[in-house]
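For reference, the structure discussed in these notes is given below.
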Amino acid sequence: MMVKQQAEKGMTNEGVAVQVCGLIKTYPSTYTLGCSCVCCCCCLKVKRTAPYHAVKGLWLNLAKGQLFCLLGPNGAGKTTTISCLTGITPITGGDALVYGHSVASSVGMAKIRRLIGVCPQFDILWDALTGQEHLELFANIKGLPPSEIKSVAAKSLSEGKLKTATNVRVGNYSGGMKRHLSVAIALIGDPRLVFLDEPTTGMDPITRRHVWDIIEDAKKGRAIVLTTHSMEEADILGDRIAIMAKGKLRCIGTSIHLKSRFGAGYVCNINFSTTNGEPQTEPVKFFFYNHLDLKPTEESKTFLTFIIPHNKEPLLARFFAELQEREYEFGISDIQMGLTTLEEVFLNIAKQAELESSSAAQENLVVLHLTSGTSIQVSMGVRFVGIPGTESAEHPKGLMVEVFWKTDDAGTLCISHHSPEAPIPPNVELIKNESLIGDMPVGFTIDPNQILNANGR
Ligand SMILES: Nc1ncnc2c1ncn2[C@@H]1O[C@H](COP(=O)(O)OP(=O)(O)OP(=O)(O)O)[C@@H](O)[C@H]1O
């Protein structure tokens with residue numbers, strides 16, 4: 001909101017490289033030929049798809065000398081945002097100023113092109129050219145003085161995995177080497193703003209660390225916009241992180257800010273020593289349950305993990321003082337506390353966005369295979385879901401499960417596992433829309449606050 005107010009008052013800030021002011025991108029309708037019959041000769045129809053709102057009014061400032069990391073599940077609108085800022089696709093509404101030049105005007109865009117370097121999501125390289133030839137070509141395009149081109153190209157190839165491949169044709173590069181070369185191309189000519197769209201996809205861990213060092217060094221004196229599906233990469237490189245979903249910015253801040261504001265709380269790991277006999281995990285579990293009403297999220301013979309929600313904060317000082325006093329009695333070797341992970345923040349935001357859109361339109365359903373053997377459809381991102389047809393005299397409200405989500409390597413939200421089936425607490429209000437899509441029932445979404453309140457969590 002502050003960004004919007006500043007922009008509306010025409011305020012400019014010296015430290016800002018890019019000012020995005022209500023950016024909108026809507027892809028127009030497309031027309032396809034199709035029919036629903038088998039013969040295909042009599043009823044070919046032109047089908048019109050609805051316009052797609054990929055970016056729905058984005059407001060943000062990107063600072064000079066900082067790396068801004070844009071996260072979001074597949075289809076969030078990250079690449080579209082980059083395409084709008086780099087002039088690859090025309091914007092539909094709003095504007096963005098790159099070092100004061102507007103992306104909405106062709107004059108502005110011509111100036112912006114001289115200031116930016118881009119590593120696109122998919123490599124645009126020529127198999128017949130070598131790494132050195134690519135860099136010389138792009139150094140030429142960026143307008144570097146001819147006398148400097150060879151040395152600049154050689155310098156950016158002088159380190160890491162590309163060194164040995166300088167004169168090898170790119171057709172023989174691995175996928176990771178091609179991404180490495182695309183990053184080098186984005187940085188050539190000292191651009192003041194660099195866009196890196198999933199730059200380390202397909203890289204082995206050693207090359208990835210090397211490219212992280214290159215990116216970290218490149219922050220000085222320029223702004224970098226990076227998109228990634230790796231939370232580790234975002235945590236390590238991002239000075240500020242934003243999460244987009246369904247075309248909208250959902251949250252923005254430093255990694256620590258996002259974890260404390262949007263994470264579930266703290267992760268507490270307790271390790272037990274095995275030198276003085278059997279570890280006392282059961283008394284410690286009881287101690288946590290008794291004082292904080294928490295059960296472990298992970299456990300083994302020698303460690304326990306608890307997620308401590310923020311609302312328990314007032315109890316923690318006394319709780320940990322007492323736990324430390326009894327460390328020896330419980331056989332605890334060490335206690336570690338940390339904020340929950342960025343991945344968890346990401347999942348929370350992605351789930352929330354999916355839930356909003358699937359409750360707006362009855363879509364985005366995925367199949368949940370219950371361990372009891374039946375399958376139901378559930379809204380993407382739902383946490384507690386009631387199982388249709390499970391009402392009985394013993395459980396008048398029926399049964400429910402808690403669904404746990406994860407993202408796959410490509411950033412798509414998918415079901416990880418679910419809790420055992422449990423009775424829906426009697427005081428929970430249910431809004432049941434009995435429905436069947438295809439021949440599979442649709443589970444009803446239960447407000448998580450009601451369950452947490454009912455369980456005293
Ligand atoms: N040319 C186009 N015409 C119509 N729709 C498009 C076009 N390009 C992208 N889209 C749609 O816009 C949405 C946003 O796509 P975009 O590529 O920006 O997402 P993203 O956040 O970069 O996802 P990913 O992580 O998969 O790269 C998607 O639903 C996509 O299908």
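Please treat every number below as a calculation from the coordinates, not as lab data. Quick caveat, the model's predicted, so the values are computed rather than measured. With ideal geometry, Cβ positions are generated from the backbone for all residues, glycine too; neighbour counts draw on all protein chains shown.
If one takes the longest principal axis of the Cα atoms in the chain, at what angle in degrees, from 0 to 90 and to the nearest 10, does the Cα axis of helix 146-156 lie?
Here the helix axis deviates by roughly 20 degrees.
Between 0 and 90 degrees, rounded to the nearest ten: what's the tilt of helix 106-115 against the longest Cα principal axis of the chain?
80 degrees
Given the alpha-carbon gyration tensor of segment 69-152, what are the semi-axes of its equivalent ellipsoid in whole angstrom, ordered largest first, with each equal to the square root of 5 times an eigenvalue?
Over the Cα atoms of segment 69-152, the ellipsoid semi-axes are 27, 19, 10 Å.
Would you compute, from DSSP H runs of 4+ residues alone, the mean residue ellipticity of the chain at 222 nm, taking -39500 (n - 2.57) per run and dividing by the full residue count, rounded to the nearest 500? Show your work: numbers first, answer last.
Details: 14 runs with 144 residues, N = 457.
Computed ellipticity for the chain at 222 nm equals -9500 deg cm²/dmol.
Among F272, F287, F320, what is the fewest-to-most ranking by other Cβ atoms within 10 Å?
Working: F272 20, F287 17, F320 13.
In order of increasing Cβ crowding within 10 Å: F320, F287, F272.
Please figure out what share of the DSSP beta bridges in the chain is antiparallel and state it in percent, rounded to the nearest 5.
Restricted to the chain, the bridges split so that about 80 percent are antiparallel.
For C414 and F286, compute 0.36 nm times the residue count separating them, minus their Cα-Cα distance, and round to one decimal in nm.
Full extension from C414 to F286 adds 42.7 nm.
On the Cα set of the chain, report Rg and Dmax in Å, please.
In Å, with Rg to one decimal and Dmax whole: 26.7, 86.
Using the alpha-carbon atoms, what tilt in degrees (0 to 90, nearest 10) does helix 281-292 show relative to the longest principal axis of the chain?
The angle comes out at about 90 degrees.
Would you mind giving the average projected area, over all directions, of the Cα convex hull of segment 265-339 in nm² with one decimal? Present the calculation step by step, with values, prior to reporting the outcome.
Working: hull surface 17.5 nm².
Computing the convex hull of the Cα atoms and averaging its projections yields 4.4 nm².
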